[in-house]
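Presented below is the structure to which this report refers.
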Amino acid sequence: MTNFVTLDDFDHRLLARVRRNNLEPARVTAEAVGLSESAVLRRLRRLRAEGVIAADVAVIDPARVEPRIVLHVQVEMNTQDRKVMDAFQRAMKASPEVQGAWDVTGETDYLLTVAVRSMQDYEAFGIRELIPEKGVRGFKSMIVIREVVGFDPARVTLER
């Protein structure tokens, strides 16, 4: 179970800024949120220690690195047995093609985002991972034509 952390107005303002640019100098952040530089650094250390800030990462534009095909895949399992579901989740975490995976409600059990270099690579992924022996009843694939709204950690606002 997740332990929720109580955030005050300053914490919310800090999070809004680091979501957009976590490399912004502390003095600039301090001016923007109305705290001292040391208070900003102390709060950011606390937010990291408490797991509110889970990672400091760079968001890479994959289209600039290599050509790829992105697919959203709806997976229906043939059982709700916990061991089978856990094994499938471990397999998805270990699969380099899987960029995201969600356990969802409805007719679909999992929603995957998969990125591959070619349809042959996707076929190999399907043959390796989306098979009855791994508990999969069936799956539907949707090929992304173009991204309309991309992942943007600054897009979602934290409500108070």
Discussion item. Could you check the spin-label model distance between Asn78 and Ile127? Points 7 Å from the Cα along Cα→Cβ, value in nm.
Written reply: 1.9
Worksheet item: For Glu37, what is the net charge nearby, where nearby means another residue's Cβ is under 14 Å from its Cβ and Lys, Arg count +1, Asp, Glu -1?
Response: +3
Worksheet entry | Anisotropy class of segment 77-160 from Cα gyration tensor, a/c 1.5 cut | oblate
Worksheet item: If you roll a 1.4 Å probe over the heavy atoms of the protein chains, what accessible area per residue do you get for segment 62-160, in Å²?
Response: 71
Discussion item. With +1 on the Cβ of every Lys and Arg and -1 on the Cβ of every Asp and Glu, and nothing else charged, how large is the dipole of the chain about its Cα centre, in debye rounded to the nearest 20?
Written reply: 400
Fill in: Farthest positive-ward along segment 43-150 dipole, Cα basis, beta-carbon charges - from Tyr110, Ile53, Val148
Ile53
Worksheet entry | Surrounding net charge for Ser118, when Lys and Arg each add one and Asp and Glu each subtract one, Cβ distance under 14 Å | -2
Worksheet item: R0 = 45 Å: FRET efficiency of Ala32 with Asp103, Cβ-based, nearest 0.05?
Response: 0.75
Worksheet item: Once Lys and Arg get +1 and Asp and Glu get -1 on their Cβ, which of Ile127, Ser38, Leu71 lies farthest toward the positive end of the dipole of the chain?
Response: Ser38
Worksheet item: Which value in nm describes the separation of the simple spin-label points at Ala49 and Lys134, placed 7 Å from the Cα toward the beta carbon?
Response: 4.1
Worksheet entry | Residues of segment 1-29 with amide N under 20 Å of the 7 Å Cα→Cβ point at Ala39 | 6-19, 24-29
Worksheet entry | the chain, accessible surface, carbon-and-sulfur percent (1.4 angstrom probe) | 53
Fill in: the chain: relative contact order as a whole-number percent, Cα under 8 Å and 6+ apart
25
Worksheet item: Using a ≥ b ≥ c from the Cα gyration tensor of segment 1-97 (square roots of the eigenvalues), is it rounded, prolate or oblate, where a/c under 1.5 gives rounded and otherwise the larger of a/b and b/c decides, a/b for prolate?
Response: oblate
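The values are calculated or read from the model by the stated rules, or taken from the named source; none is laboratory data. Keep in mind that this is a model prediction, so the values were computed, not measured. Positions of Cβ are generated from backbone atoms using ideal geometry, with glycine treated the same way; all protein chains shown enter the neighbour counts. Remember, those area values only see protein heavy atoms, side chains included, never the ligands or the DNA or RNA. Shrake-Rupley method; radii C 1.70, N 1.55, O 1.52, S 1.80 Å.
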